[in-house]
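*Asks:* Let me give you the structure first, and then I'll get to my questions.
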Amino acid sequence: MSFAGQLAAFRAAHPETEVAEVYVTDLNGVARGKLVRAEMLDKLAGGGMKMPVSTLALDIFGTDTAGAVIAIEVGDPDEALLPLPQTLAPMLWAERPTVQLQCMMTDPGGVEVCGYDPRGVLARITERARRMGLSPVVALELEFYLIDPDAPAPPVNPAAGGRLERSQIYDLGVMRAFDPVMAGIARAAQALGAPAETAICEFGAGQFEMNLAHVEDPLAAADHMVALKRAIRGVARRHGFDASFMAKPFGEMAGSGIHIHLSLGDGEGQNLFDGGGGEVNPLLGNVIGGLQARMVDCMLIFAPHLNSYRRFIPGSYAPMVAA
């Protein structure tokens with residue numbers, strides 16, 4: 001079905017919709033876009049909605065990256081947005097009826113995906129794997145802190161009062177105290193199509209982890225993570241908290257990361273990493289060796305910001321060497 005057809009079906013199911021958040025995900029994983037009236041979504045069907053292509057390369061503070069030479073240096077051109085209809089979904093935390101729609105950025109011709117659109121990069125890598133007869137299976141886990149927006153500091157326990165100050169790993173009492181916000185996040189994520197399965201308290205005061213289901217499509221896994229982050233931040237703010245995904249928001253407490261679970265299938269359900277009998281098979285050994293060999297090359301992806309490196313200290317459950 002065309003985007004126009006899918007949009008019509010969605011409108012029939014959600015006639016109350018007033019506005020939409022239309023966005024792309026930049027190289028820092030930040031959603032950047034426009035708030036538009038619901039009736040304007042038709043423009044996306046013909047490439048009629050655009051954004052500056054330099055949006056993809058903004059730094060974490062939202063500043064143009066001069067070294068990319070794609071902003072004011074070349075006139076800061078607009079390019080068309082390519083909608084991802086499977087991401088069209090209601091935002092349950094919004095005060096008025098609002099939907100979201102994730103997009104990708106096209107190249108200057110308006111046909112192909114921009115070469116440095118991060119989702120487009122993942123799409124090309126996934127396609128390479130498919131051509132090799134490999135079926136990647138991915139599950140993601142996200143760690144984050146709920147924080148007091150006025151401090152910033154760990155939040156006050158909504159049930160018992162008093163600011164959280166200690167390690168709370170797997171503490172169900174703390175989890176129960178934050179049940180309204182965690183339940184709201186789960187419902188909002190589900191509405192966005194993100195299969196959030198479990199939530200736990202992590203080591204830090206006010207630190208939590210949410211796990212997404214395994215899916216046989218890395219693009220879907222990434223879309224689910226983008227949706228989950230938006231749900232966490234949006235619902236947290238409705239409950240009077242902020243959410244931080246920084247690697248090390250508090251120097252004296254545990255850092256946060258994202259865990260990537262990856263296996264490779266053969267398209268028929270067979271896990272190609274399984275050596276049988278506890279043995280490491282050659283393919284898995286090659287993958288581990290490749291990760292070690294390319295660790296230095298990839299550090300700007302794994303740890304892209306100054307704050308990321310505050311997490312790499314001995315005894316912090318963070319990797320210190322390629323081992």
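The values are calculated or read from the model by the stated rules, or taken from the named source; none is laboratory data. These numbers were taken from a predicted model, which means no experiment stands behind them. As a convention, Cβ positions derive from the backbone with ideal geometry for all residues, glycine included, and neighbour counts pool all protein chains shown.
Okay, residues lined up against (1) surrounded by 21 or more Cβ atoms within 10 Å (Cβ to Cβ); (2) modelled with pLDDT under 95; (3) not in a loop (DSSP other than H, G, I, E, B):
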position	(1), (2), (3)
Gly184	no, no, yes
Gln190	no, no, yes
Phe208	yes, no, yes
Asn211	no, no, yes
Ala221	yes, no, yes
Glu268	no, yes, no
Gly277	no, yes, no
Gly285	no, yes, yes
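*Asks:* Spot the failing condition for Ala31; the list is (1) in contact with a strand residue (DSSP E or B) (Cβ under 8 Å, 6 or more places away or on another chain); (2) more than 21 Å from Ala189 (Cβ to Cβ), and only one is missed.
*Replies:* Single failed check for Ala31: (2).
*Asks:* Are there any pairs with C-beta distances below 9 angstrom linking a residue in the range 167-179 that is under 17 Å from Phe250 (Cβ atoms) to a residue that is assigned to a loop (DSSP other than H, G, I, E, B) and polar (S, T, N, Q), with the two at least 6 apart or on different chains, and if so which?
*Replies:* Filtered contacts from the range 167-179: Val174/Asn157; Val174/Gln168.
*Asks:* Out of the residues in the range 250-266 meeting the condition of being in contact (Cβ under 8 Å) with a residue 12 or more places away in the chain and part of a loop (DSSP other than H, G, I, E, B), tell me which one is surrounded by the fewest Cβ atoms within 10 Å (Cβ to Cβ).
*Replies:* Ranking the candidates gives Gly251 first.
*Asks:* Of a type outside the set (Asp, Glu), crowded, with 20+ Cβ neighbours inside 10 Å and assigned by TED's automatic domain parsing to the domain that holds Ala227 - does that describe any residue in the range 105-116?
*Replies:* For the range 105-116, residues of a type outside the set (Asp, Glu), crowded, with 20+ Cβ neighbours inside 10 Å and assigned by TED's automatic domain parsing to the domain that holds Ala227: absent.
*Asks:* Determine which single condition Val235 fails, assuming it passes every other condition in (1) touching a Lys or Arg at 6+ places or on another chain (Cβ under 8 Å); (2) surrounded by 21 or more Cβ atoms within 10 Å (Cβ to Cβ); (3) more than 26 Å from Ala303 (Cβ to Cβ).
*Replies:* (1)
*Asks:* Criterion first (small (Gly, Ala, Ser), touching a helix residue (DSSP H, G or I) at 6+ places or on another chain (Cβ under 9 Å) and either within 30 Å of Val138 (Cβ to Cβ) or in a loop (DSSP other than H, G, I, E, B) (or both)) does Ala151 satisfy it?
*Replies:* Judged against the criteria, Ala151 is not a match.
*Asks:* When you go through (1) part of a strand (DSSP E or B); (2) more than 30 Å from Leu58 (Cα to Cα) one by one for Tyr145, which number turns out not to apply?
*Replies:* The one condition Tyr145 does not meet is (2).
*Asks:* Picking from Val53, Val30, Val36, Val99, which residue would you name as being crowded, with 19+ Cβ neighbours inside 10 Å and under 30 Å from Ala183 (Cα atoms)?
*Replies:* Result of the check over Val53, Val30, Val36, Val99: Val99.
*Asks:* Could you please find all residues in the range 297-323 being of a type in the set (Ser, Thr, Tyr) and at pLDDT 90 or above?
*Replies:* Ser308, Tyr309
*Asks:* A further question follows. Name the pairs whose Cβ atoms lie under 6 Å apart, with the first residue in the range 132-148 and at positive phi, the second at pLDDT below 95 and among the polar types (S, T, N, Q), and 6 or more positions between them or separate chains?
*Replies:* none
*Asks:* Go through (1) touching a Leu at 6+ places or on another chain (Cβ under 7 Å); (2) at pLDDT below 95 one by one and return the number of the condition Arg166 breaks.
*Replies:* (1)
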